[in-house]
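Input: a single structure, listed below in structure tokens.
The values are calculated or read from the model by the stated rules, or taken from the named source; none is laboratory data. Note that the structure is a prediction, hence the values are computed from the model and not measured. Cβ coordinates were reconstructed from backbone atoms using ideal geometry, including for glycine residues, and neighbour counts include every protein chain displayed. Only protein heavy atoms, including side chains, enter the accessible area calculation; ligands, DNA and RNA are left aside. Shrake-Rupley method; radii C 1.70, N 1.55, O 1.52, S 1.80 Å.
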Amino acid sequence: MGKARGRRSVVALVAVLAVAAAAAVVHRVLAPAEVSTVARAAYPPAATPPVGVVGRLPVAPLVVDGRLRVYASARQVYADQPASGRHRVTPFWSYRRWPARLDGVLADGTTVVSRWSDGRLVALDARTGRVAWRADGPAPGPVPAPRRTYAGTVWDPVGLHVAGGSGARTVLVAAGPSGIGGYALGDGRRLWQADLRHGCRTDVGTTAGGDLVGVDGCAGPATVEFRDAATGAVRTRWRPPDTSGALVVTLVGCRSGHSGCRGLRTGGPGDGTGRGWLVGPGEPVAAPALDGADTELDGEWVVGTSGGVTGRSARGGAQRWRRADLGAARILAVEPGRVHLLTEGRDLVTIDPATGAERSRFVLNVGQDGLGWVPGRAYAASGYLAVERLRERAGPGDDDQGYFLTAEPVLLAAT
């Protein structure tokens, strides 16, 4: 009987230990966690690749400092190098959180800011991948599930913008349905916060003059609100004349993403044209040269593609140059000093917006992929252009296999 009792005690002890071990494993697996894998190699020099297609990638790159490419996945932000690499390679550094999901990524200089589904803001030093600071921000609103390239996450993050100068003077703005916060980009200090009525206000970006632009419909007809990004104080509210009903605002002429913009376009839901305006210290100034969705702004110049590719003065509207040799071209992306156009023959033509002079021109193709595709999202920075290639008959309801041209749908080119 003593031996039986001893065996039962041993069995009970083993069971207790097994349960404890299982609990420990469950805790390690399910408990909130972050994993930071920092760079082991030196920060790479800026690359100067030859003009042309660099390569193809399975996911959308965010070019940082002309040296790295930063990518997103469901719960991870990571980088590879060099920026001119033909393929995606082993990460230079990586940062992962769990169970939160990655909501958006933004880069300014050598700072990479990630925003997560729980509102957490995490800034990484792009040179090392080390965490520079963490802060609690407003919870983001719901966004459509990203496609496998995560282009929307890195090229068009919702409610994440920068404003102001450089370094410590730059302000990061994080906005959600119920609140907005301003943070010093250098160290993550919260500069201000504002609570909002849920669902009646939408932030669209920042201006070159340091304002946060939003559409506010909380107390009446939708109004464009300009808020000082450094203090959170509302500078002015403005509604375009002869406007009725809902209001849609799109920023143009931006330094990157929806940040540092010099103009905006207003219209109604489903409006394919819109009216163009320049933004500055006072109320927006009408800029008819920006009317229409086929125009883009770079500094003081408007490039349009209706009836040939033209360059006009943003303020006076006078035509300064015209290119009749490009046919029915489409503007893919704009960066300071460069407008990237795609011709019907799939030539990527990069021009100077001030003169129309051609900076580069080549066929946007690689390998045996062919030219039977249509452009999806596109992005440009540091002289690079990246574009998603979609199947010619792809629709928004198609799954990723039916939507994208290949398993590596993103073309990266140096212009």
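So if I check each of Thr350, Thr355, which one is surrounded by 15 or more Cβ atoms within 10 Å (Cβ to Cβ), of a type in the set (Val, Ile, Thr) and either part of a loop (DSSP other than H, G, I, E, B) or in contact (Cβ under 8 Å) with a residue 60 or more places away in the chain (or both)?
Step by step, each of Thr350, Thr355 is checked, and only Thr350 is surrounded by 15 or more Cβ atoms within 10 Å (Cβ to Cβ), of a type in the set (Val, Ile, Thr) and either part of a loop (DSSP other than H, G, I, E, B) or in contact (Cβ under 8 Å) with a residue 60 or more places away in the chain (or both).
Listed residues Ala394, Ala407; which is aliphatic (A, V, I, L, M), over 30 Å from Val302 (Cα atoms), open to solvent by 40 Å² or more (accessible area, probe 1.4 Å) and at pLDDT 95 or above?
Details: Ala394 fails: open to solvent by 40 Å² or more (accessible area, probe 1.4 Å).
Result of the check over Ala394, Ala407: Ala407.
All but one of (1) open to solvent by less than 40 Å² (accessible area, probe 1.4 Å); (2) touching a residue at least 24 places away in the same chain (Cβ under 8 Å) hold for Gly370; state the number of the condition that does not hold.
Failing condition for Gly370: (2).
Give me the pairs: first residue in the stretch 315-344 and of a type in the set (D, E, K, R), second residue outside any strand (DSSP E or B) and open to solvent by 80 Å² or more (accessible area, probe 1.4 Å), beta-carbon distance under 7 Å, and six or more apart or on different chains, which are they?
Filtered contacts from the stretch 315-344: Arg315/Glu300.
Would you pick out the residues in the stretch 151-196 that are in a loop (DSSP other than H, G, I, E, B), open to solvent by less than 40 Å² (accessible area, probe 1.4 Å) and within 20 Å of Leu124 (Cβ to Cβ)?
Those that are in a loop (DSSP other than H, G, I, E, B), open to solvent by less than 40 Å² (accessible area, probe 1.4 Å) and within 20 Å of Leu124 (Cβ to Cβ): Pro157, Gly159, Leu185, Gly188.
Can you name the residue in the stretch 358-367 that is open to solvent by 10 Å² or more (accessible area, probe 1.4 Å) and assigned to a loop (DSSP other than H, G, I, E, B) and is also nearest to Asp298 (Cα to Cα) among such residues?
Asn365
Restricting attention to the stretch 71-101, which residues are under 14 Å from Leu124 (Cα atoms), open to solvent by 10 Å² or more (accessible area, probe 1.4 Å) and not polar (S, T, N, Q)?
Tyr78, Phe92, Arg96, Arg97
Within the stretch 227-282, how many residues are at negative phi and acidic (Asp, Glu)?
2
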